[in-house]
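Everything on this sheet refers to the single structure shown next.
The values are calculated or read from the model by the stated rules, or taken from the named source; none is laboratory data. Keep in mind it's a predicted model, so treat the numbers as computed, not measured. Cβ atoms come from the backbone with ideal geometry, glycine included; neighbour counts cover every protein chain shown. For accessibility, only protein heavy atoms count, side chains too; no ligands or nucleic acids. Shrake-Rupley method; radii C 1.70, N 1.55, O 1.52, S 1.80 Å.
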Amino acid sequence: MCVAAAIAALGAVPSASAAGRCGSHPWCDTSLSPERRAQLLVSALTPAERASLLAGDVATGVTGDPGGHTGAAYGVSRLDVPPLYLTDGPVGVRQGPSTAMPASMALAASFDRSLARLDGAVVGNEARLKGNDVVYAPTVNILRTPLWGRVFESLGEDPFLTARIGVEWIRGAQGQGVIANVKHFAANNQEGAKQADGSIAGNRLSVDARVGERTLREIYLPQFEAAVKEGHVGSVMCAYNRLNGAHACANRPLLDGVLRHDWGFRGFVLADYAASKTVGTGLAAGLDFEPWPFIDADGGENLTPANVNAALAAGRTTQAAVDHAVGNLMRTLFAYGYFDRAAYVDDDSRVDKAGHLAAARRIEEGGITLLKNHGRALPLDAKRLRSLAIIGSDGDGYRNGGGSSDVRPYSFVSVRQGITARAGSGVEVRYAPGTDLAKAEQTARGADAAVVVVSDTAAEGTDKPCLGLDCGATDSLSRDALIARVAKANPRTIVVLQTGGPVLTPWRDKVEGIVEAWYPGAAGGSAVARVLFGEVDPGGRLPATFPNRAADLPTAGDPRRYPGVNGTVTYSEGVLVGYRWYDARRIRPAYPFGFGLSYTRFEHGRLHLRSAARALGLRVSLTVRNSGRRTGVAVPQLYLGLPGAPGRLQPPRQLKGFEKLTLRPGHRSRVSFALDARALSYWDAARHGWRVAPGCYSVRVSSAGHGPAAAGTVAVGRARCGRAAVRLRG
Ligand code: BGC
């Protein structure tokens, strides 16, 4: 089934119709604009009712009833303003059991817009069928350090990839009739590092991220901008942390300035769980709503009616500010059809669980990333195998990340189950949990192949203490030692990583195969098995660099950079985030961004470059051919190197385009990319705007983020870049 059909199969979204619950008030006239309808409604509300609409009515959120919503606001029954229900999150609905989707990193690794839309549609569909109006997702914060506890629910280290996947996710979710809530705005890139005394250095609740203007605009904001301008996201969650001094939820330059003024955002801003600071500063900055009426440990003052009224009485806010916030919320709800449809009912018996599981499997297959395949250790051939050892208790259960994305699956297939089922009765499958190294070695010895399955431990709230597989784990496994032991006992050892993000792989030279499955979601075991046995080509490419050593991280070696000193974290690496850093510093990582092998080979034809017809821009095209013997997945990636200048460092390459193709052996496909002026621009902080600099631009397209690439040069303005260069007017 194609993705569009899979989305259509999720069922029709209730249309804005007579089934609406608006009543017969003047603001229920659907021929009026959402703005006008909101004005009419707000003017009919008493001041007390207006004050009551700025906060949720349930004091539990992430800590509350595990079967319940994460936030609810009861509306105003006198005027038929209906209740609003909200839920998490990016990898599935965290509200009782639901379909656990693969980690967002797996989705990003798919480099597949249609899978992103499918993922959003599945989560949006379940959010609706569990009675929600808003879903707190996607998470689009950039992976600045792989130590970040929430890497698994991010979309990796690149703003372009994050933006493309995030936009499609939002379209998928909002297509299901719920409002997406892109989070956490902005520069929420760490949870904080736990110290020996139990305190958290660089705690997300209060840390001040000091980020330069250019770095913000080029790295930390573009994916939010795309969510607003292209995804038409209905709501934005402001983050806990401070950004350049002010808390994100009380940050006027950020909310009122960048979000509303610069990008034209017309939805509503809601505060993360107790992230509102004071009523006055929040409302003045552009905060509209806080789902949880909670006072947090950090001294925040929430938007409860009592606090709002006290602030009004003390002159710390104005009625106009309150009305403005209520107006933003109501306008959005009108615009997204909430008043004009029936309430969504919390009844997940209507969820197509089998269909969603199939979608989860498909997305996971699209994101599984083959990092090493020495001597064609993979794919396994069930007909030729007599015995197979599966080692590692991580492969015998459901592994995911913790916190507000901790989804409890309706059902799941572990890697052990998936492989055992796929191998069939003709293969003797042995298993050892790996706690006892000698037993693991014994189990692996003599088997035709050994698959070691290992996970890391990651959760919201604190960062990982280090990048090894055992960092932060509470069990007694020694994963690196286990892999080394098994590799000694079995020459065909394959490691399946179920990690939320990059980890260290000190054993990589000792094993034949490495497969990154991420936190693979409910159907993970089936997907991993299908990739290992070659039923599908591994579709993933890395959305983040896997470093060789922790000391190589862009944030390593300077506590001011990470986790911060005295509550301030300084992003002094600037735009050199992720692969931009490794490239610029010529540091060889273990596995680079964009990397991922296929079971087949691809060849790239010559790059064709030409100037866009009307505006400043570039069209790039080339042919990709499957020159191997199996059907496979190619992910041509277009990287641009902008010209630097004294005082204006440019990363050697930046991702500006990608496509995903499935090609049969011998088949070819033409791929083209359109780059507009923005793609060629950098942020000129002196002029506070995007600028295309004259100079020589390098263009490269590769399929695995490394190795053979098709290359070309573009000259902008009067720059001399060699005879082969294509010239664009500057
Ligand atoms: C997280 C949000 C989440 C919220 C509700 C917060 O701790 O930062 O991402 O949506 O809890 O669970």
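Screening ALA121 with (1) over 16 Å from ASN400 (Cβ atoms); (2) out of contact with any Asp or Glu (no Cβ under 8 Å at 6 or more places or on another chain); (3) in a loop (DSSP other than H, G, I, E, B) gives one miss only, at (3). Within the range 538-559, the set of residues being in contact with a Lys or Arg (Cβ under 7 Å, 6 or more places away or on another chain) and more than 22 Å from PRO159 (Cα to Cα) comprises just one member, ASN548. Over 19 Å from LEU303 (Cα atoms), away from the ligand (no atom under 16 Å from the Cβ) and in contact with a strand residue (DSSP E or B) (Cβ under 8 Å, 6 or more places away or on another chain) - does that describe any residue in the range 198-205? Checking the range 198-205: at least one residue is over 19 Å from LEU303 (Cα atoms), away from the ligand (no atom under 16 Å from the Cβ) and in contact with a strand residue (DSSP E or B) (Cβ under 8 Å, 6 or more places away or on another chain). Could you list, in sequence order, all residues of the range 273-284 that are aliphatic (A, V, I, L, M) and open to solvent by 20 Å² or more (accessible area, probe 1.4 Å)? Listed by number, the list holds a single entry, ALA284. Answer yes or no: is there a residue in the range 90-98 that is more than 14 Å from TYR519 (Cα to Cα), open to solvent by 10 Å² or more (accessible area, probe 1.4 Å) and not basic (Lys, Arg). Yes - at least one qualifying residue is present in the range 90-98.
The listed residues are LEU287, LEU270, and the only one of them that is crowded, with 23+ Cβ neighbours inside 10 Å, within 15 Å of the ligand (Cβ to nearest atom) and more than 15 Å from ALA59 (Cα to Cα) turns out to be LEU270. Might you let me know whether the range 384-401 holds any residue that is of a type in the set (S, T, N, Q) and touching a Leu at 6+ places or on another chain (Cβ under 6 Å)? No. Would you confirm, using the coordinates I've provided, whether VAL233 is under 16 Å from the mean Cα position of the chain (by Cα), of a type in the set (A, V, I, L, M), within 15 Å of the ligand (Cβ to nearest atom) and under 30 Å from LYS130 (Cα atoms)? Spelling it out, VAL233 is indeed under 16 Å from the mean Cα position of the chain (by Cα), of a type in the set (A, V, I, L, M), within 15 Å of the ligand (Cβ to nearest atom) and under 30 Å from LYS130 (Cα atoms).
In this structure, ALA459 does satisfy being aliphatic (A, V, I, L, M), open to solvent by 20 Å² or more (accessible area, probe 1.4 Å) and within 18 Å of VAL91 (Cβ to Cβ). Of all residues in the range 124-149, those satisfying the criterion of being buried (at least 24 other Cβ atoms within 10 Å of the Cβ), more than 24 Å from LEU216 (Cβ to Cβ) and touching a helix residue (DSSP H, G or I) at 6+ places or on another chain (Cβ under 6 Å) are GLY124, LYS130, VAL135.
Tell me, which strands (runs of 3 or more DSSP E) lie completely within the range 660-720 with 3 or more residues that are buried (at least 18 other Cβ atoms within 10 Å of the Cβ)?
Passing ranges, in order: 668-676, 695-702, 709-716.
Across the range 143-169, the number of residues qualifying as of a type outside the set (Lys, Arg) and more than 26 Å from VAL633 (Cα to Cα) comes to 5. With respect to the conditions (1) open to solvent by less than 10 Å² (accessible area, probe 1.4 Å); (2) at pLDDT 95 or above; (3) closer than 21 Å to THR70 by Cα, VAL322 lacks only one, and its number is (3). Close Cβ contacts (under 8 Å, 6 or more residues apart or on different chains) running from residues in the range 341-363 that are within 25 Å of VAL3 (Cβ to Cβ) to residues that are of a type in the set (Asp, Glu) and surrounded by 17 or more Cβ atoms within 10 Å (Cβ to Cβ) comprise TYR344/ASP133; ASP348/GLU126; VAL351/GLU126; HIS356/GLU126; ALA359/ASP119; ILE363/ASP119. Can you tell me which condition ASP475 does not meet? The list is (1) under 30 Å from the mean Cα position of the chain (by Cα); (2) buried (at least 24 other Cβ atoms within 10 Å of the Cβ), and all the others hold. All conditions pass for ASP475, except number (2).
Reported count of residues in the range 402-429, each being open to solvent by 20 Å² or more (accessible area, probe 1.4 Å) and within 16 Å of the ligand (Cβ to nearest atom), is 3.
If we scan the range 610-625, do we find a residue that is part of a loop (DSSP other than H, G, I, E, B) and farther than 27 Å from PRO694 by Cα? No: the range 610-625 contains no residue that is part of a loop (DSSP other than H, G, I, E, B) and farther than 27 Å from PRO694 by Cα.
With respect to the conditions (1) open to solvent by 10 Å² or more (accessible area, probe 1.4 Å); (2) of a type outside the set (D, E, K, R); (3) under 25 Å from HIS356 (Cβ atoms); (4) touching a Leu at 6+ places or on another chain (Cβ under 8 Å), ALA550 lacks only one, and its number is (3).
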